[in-house]
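The structure appears right after this line, and notes come after that.
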Amino acid sequence: MIIILDGRTPDPDLRGVLKRLEEKGFRHDVSRGEAKIIIGAIGVPDAAKANLAEQLSALSCVERVIPIMKPYKRVARDFRPEGTQVKVGDLALGGPRLHVMAGPCSVESRAQILEVAQAVKEAGATILRGGAFKPRTLPYDFQGLGEPGLEFLAEAREKTGLKIVTEVMDPRDVKLVVKYADILQLGARNMQNFPLLRQVGKVQTPVLFKRGMSATIDEWMKAAEYILSGGNEKVILCERGIRSFDSQYTRNCFDLAAVPVVKSLTHLPIIADPSHGTGVRSLIAPMARAAVASGADGLMIEVHPEPSKALSDGQQSLTPREFASLMKEVRRVCEAVGRCL
Ligand code: PEP
Ligand code: MN
């Protein structure tokens, strides 16, 4: 880190700062200018030193402390500069092949999930999505089928060979959902549910980690560090739109610039969810094409046999026929950017 002090700092105060650095095992190098004193400090950050930058900032002679290394060391690109491919059975997310996760917002019945599974499989999806535990804004809204919903998903996997991604909201449910899911989804509303992050850090099932609706990219990376530092390095990030001032035409502001930003910050794969990102059926295909062009490693798309009867998110769900035509467009963009589907 770099520590900037007022140039008039008395020597004893400067020595005090240097001593603090030495105590924590940092080497230092002091440059004295007329207006500022600049200390370059080099050391390996660990939990015992986590507060040092903040503590030094609180000294009256210190004007600013500038960290050099990213605080999220396991998530940072430097941890694995070649990039990570997250294996889900025989699939690899983050490799040359793009993966599409498609299915209804909620698992509503056995017939519904089996029908959608067949349709998205035929169109080229490799992973079936469907919520059995739903994070709803209102307690009176459909909350999901719970374990029977997971059983229907497992049956759909058996019949189609698709992998399953489904949400877990409660740390106490992680054991149960792990029994059925190939990928655990952590939703936007739980991005900073730290007990839940710690719990999924203890298992080896891959995690689809959605960005919080009001989270900065830095907060998202720091939250992902909880999962990796807990022991589960199989994390796939998912951009799903953030809150903005204008919700007249879109549900969220689909932050596609986050895709290349995240690729530069981390080695983890990232997929994009234009369904929640826009909240509007007609915007899903254009934003799916743009997401693939921006470098996303996959897509999450909501598909329902009859969107007008969906128990959640019907307005942003494609029919199986619309989904099949989106897949054709996505295939062409994949070819243009050197990926395959
Ligand atoms: C979902 O995938 O249906 C969902 C609730 O997503 P998010 O957490 O992004 O709102
Ligand atoms: Mn949804």
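The values are calculated or read from the model by the stated rules, or taken from the named source; none is laboratory data. Here the structure is a predicted model, which means the values were calculated and not measured. Backbone-built Cβ (ideal geometry, glycine too); neighbour counts: all protein chains shown.
Part of a loop (DSSP other than H, G, I, E, B) and touching a Cys at 6+ places or on another chain (Cβ under 8 Å) - does that describe any residue in the range 2-9?
Yes.
Out of curiosity, is Ala290 of a type in the set (Gly, Ala, Ser), in the same structural domain as Glu167 (by TED's automatic domain parsing), more than 13 Å from the chain's Cα centre (by Cα) and farther than 17 Å from Arg321 by Cα?
Answer is yes for this residue.
A quick yes/no check of all residues on (1) within 16 Å of ligand 2 (Cβ to nearest atom); (2) among the aromatic types (Phe, Trp, Tyr):
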position: Gln248; (1), (2): no, no
position: Leu256; (1), (2): no, no
position: Val261; (1), (2): no, no
position: Ile271; (1), (2): yes, no
position: Ser275; (1), (2): yes, no
position: Val303; (1), (2): yes, no
position: Ala310; (1), (2): yes, no
position: Phe323; (1), (2): yes, yes
position: Arg339; (1), (2): no, no
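Looking at the range 152-186, which of its residues are part of a loop (DSSP other than H, G, I, E, B), under 21 Å from the mean Cα position of the chain (by Cα) and not aliphatic (A, V, I, L, M)?
Scanning the range 152-186 gives Asp170, Asp182.
I'd like to know if the range 68-84 contains one or more residues that are part of a strand (DSSP E or B) and out of contact with any His (no Cβ under 6 Å at 6 or more places or on another chain).
Scanning the range 68-84, I find at least one residue that is part of a strand (DSSP E or B) and out of contact with any His (no Cβ under 6 Å at 6 or more places or on another chain), so the answer is yes.
Please name all residue pairs, on different chains or six or more residues apart, with Cβ atoms under 7 Å, provided the first residue is in the range 159-174 and is in contact (Cβ under 8 Å) with a residue 40 or more places away in the chain and the second residue is surrounded by fewer than 23 Cβ atoms within 10 Å (Cβ to Cβ) and of a type in the set (Asp, Glu).
Lys163/Asp182; Val165/Asp182
For a quick check of your reading of the model, give me the residue pairs whose first member lies in the range 186-202 and is within 16 Å of ligand 2 (Cβ to nearest atom), whose second is of a type in the set (D, E, K, R) and outside any loop (DSSP other than H, G, I, E, B), with beta-carbon atoms closer than 6 Å and at least 6 apart or on different chains.
Close Cβ pairs satisfying both conditions: Gly187/Glu167; Gly187/Lys210; Ala188/Lys210.
Only helices (runs of 4 or more DSSP H) wholly contained in the range 257-341 count here; list those with 2 or more residues that are within 16 Å of ligand 1 (Cβ to nearest atom).
258-265, 274-278, 281-293
I need every pair where a residue in the range 107-128 that is touching a residue at least 40 places away in the same chain (Cβ under 8 Å) has its Cβ under 6 Å from the Cβ of a residue that is outside any loop (DSSP other than H, G, I, E, B) and of a type in the set (Ser, Thr, Tyr), sequence separation at least 6 or different chains.
Cβ pairs passing all conditions: Ala117/Thr160; Lys121/Thr160.
Would you be able to say whether some residue in the range 239-255 is outside any loop (DSSP other than H, G, I, E, B), in contact with a Phe, Trp or Tyr (Cβ under 8 Å, 6 or more places away or on another chain), within 18 Å of Leu93 (Cβ to Cβ) and within 13 Å of ligand 1 (Cβ to nearest atom)?
There is at least one residue in the range 239-255 that is outside any loop (DSSP other than H, G, I, E, B), in contact with a Phe, Trp or Tyr (Cβ under 8 Å, 6 or more places away or on another chain), within 18 Å of Leu93 (Cβ to Cβ) and within 13 Å of ligand 1 (Cβ to nearest atom).
Name every residue in the range 132-151 that is away from ligand 2 (no atom under 12 Å from the Cβ) and either assigned to a helix (DSSP H, G or I) or hydrophobic (A, V, I, L, M, F, W, C) (or both), in order of residue number.
Ala132, Phe133, Leu138, Leu145, Glu147, Pro148, Gly149, Leu150, Glu151
How many of the residues in the range 52-67 are part of a helix (DSSP H, G or I) and among the aliphatic types (A, V, I, L, M)?
3
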